[in-house]
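A.B. asks: Right, I'll just put the structure down here and ask away after.
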Amino acid sequence: MNRTDAVWAVGRLTIGTTVRIIAPLRFYGAERMPRSGGLVVAVNHFSWIDPPVLGAASPRTLYMMAKVEAHRVPGLGELMRSFGAFPVRRGESDRDAVRLMRTIVRDGHVLGMFVEGTRRRSGVPGRVQPGAAMVAVNEGVPVIPAAIHGSQQWRLGNFAPVSLAWGQPLSFDGLHRGGKGYREASHEIERRIRELWEWLVEVHRQGRPRDATPPA
């Protein structure tokens, strides 16, 4: 176990337990994540509670990309980096971040990405940016789509329930390594996240049964 894995093990017991209390969590389809090998997790983003929700739901350590501004916050930046998070400059080409993203999956780890690029204030998933697709296409690794629902209503103290659904791994072998291939893969990732999110909306209406299975 490396240092980051050890931090995650402690975090699941501490931060994970706290999140389960303040935002009652339910996860679906975690068995779909391969237990070894490089891959990209692509998920939507509504609230600051989403990163700890994703971390609590993930069977594996995630190396998360986060905006550089968050890394500059005293205390928060150090905490995120201890969990393997790394900074990225939004709105511009960040070659160092791109190289690190590719290295993470090439080394057999899991890259976690909130693929819309920012939080969605509308309360519904939005357009997927091409970063996840670029890494997957160039490195030949699968993408695991995932959707979060409920965090758009969650506020500290209201104990709104939050759920996460994992999709089946997506392979983009054979796609062109360039803009056309990245757009095609991004559209498919976006479609799968939206499908999972709409399923979660219905699951919440039904009271979040534990034995529900996300769409394949």
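The values are calculated or read from the model by the stated rules, or taken from the named source; none is laboratory data. Please read these numbers as outputs of a predicted model, since none were measured by experiment. Reconstructed Cβ throughout: ideal geometry from the backbone, glycine too, with neighbour counts over all protein chains shown. Side chains included, ligands, DNA and RNA excluded: accessible areas come from the protein's heavy atoms. Shrake-Rupley method; radii C 1.70, N 1.55, O 1.52, S 1.80 Å.
A.B. asks: Working out 0.36 nm times the residue gap between T118 and T18, then minus their Cα-Cα distance, what length gain in nm do you get to one decimal?
C.D. replies: Full extension from T118 to T18 adds 33.6 nm.
A.B. asks: Here's a follow-up. Rounded to the nearest 20 Debye, what is the dipole magnitude of the chain about its Cα centre when Lys and Arg each give +1 and Asp and Glu each give -1 at the C-beta?
C.D. replies: 300 debye
A.B. asks: Residue by residue through the range 46-53, which ³J(HN,Hα) values in whole Hz follow from phi under the Karplus form 6.51 cos²θ - 1.76 cosθ + 1.60 (θ = phi - 60°), with glycine and proline marked x?
C.D. replies: 10, 9, 5, 6, 4, x, x, 4
A.B. asks: Hey, another quick one. Multiplying the sequence separation of A216 and A9 by 0.36 nm and subtracting their Cα-Cα distance, what value in nm do you get?
C.D. replies: 71.6 nm
A.B. asks: Something else now. Round to the nearest 0.05 the FRET efficiency obtained for F159 and R205 when R0 = 22 Å and r is the Cβ-Cβ distance.
C.D. replies: 0.75
A.B. asks: Something else about it: Write down the accessible area per residue of the range 1-64 in Å², having rolled a 1.4 Å probe over the full set of protein chains.
C.D. replies: With all protein chains present, the range 1-64 gives 42 Å² per residue.
A.B. asks: Follow-up. In the chain, carbon and sulfur make up what percent of the accessible area (probe 1.4 Å)?
C.D. replies: Carbon with sulfur: 53 percent of the solvent-accessible area.
A.B. asks: Based on the mean of other Cβ atoms within 10 Å per residue, sort peptides 184-190, 145-151 so the most packed one is first.
C.D. replies: 145-151, 184-190
A.B. asks: Given the rule -39500 (n - 2.57) for each run of at least 4 DSSP H residues, summed and divided by the residues of the chain, what is its mean residue ellipticity at 222 nm, to the nearest 500 deg cm²/dmol?
C.D. replies: -12000 deg cm²/dmol
A.B. asks: Specify the inter-centroid distance of the range 140-216 and the range 1-46, based on alpha-carbon positions, in whole Å.
C.D. replies: When both Cα centres are located, 15 Å separates them.
A.B. asks: Return the long-range amide H neighbours of V41 (sequence gap of 5 or more, or a different chain), with a cut-off of under 5 Å between placed amide H atoms.
C.D. replies: Amide H to amide H, under 5 Å and 5 or more residues apart or across chains, V41 pairs with L111, G112, M113, I144.
A.B. asks: Moving to a separate point now. Taking the alpha carbon gyration tensor of the chain, what are the square roots of 5 times its eigenvalues, largest first, to the nearest whole Å?
C.D. replies: The equivalent ellipsoid of the chain has semi-axes of 24, 21, 17 Å.
A.B. asks: Quick one: 3J(HN,Hα) in Hz for the range 165-175, Karplus 6.51/-1.76/1.60 with θ = phi - 60°, rounded, Gly and Pro as x.
C.D. replies: Result, ordered by residue: 10, 9, x, 6, x, 10, 10, 10, 4, x, 6 Hz.
A.B. asks: Now for a different question. How would you classify the range 1-56 from its alpha-carbon gyration tensor, with a ≥ b ≥ c the square roots of the eigenvalues: rounded for a/c under 1.5, else prolate if a/b is greater than b/c, otherwise oblate?
C.D. replies: Here the range 1-56 falls in the oblate category.
A.B. asks: Determine the per residue accessible area of the range 128-216 with all protein chains present and a 1.4 angstrom probe, expressed in square angstrom.
C.D. replies: Value for the range 128-216: 48 Å² per residue.
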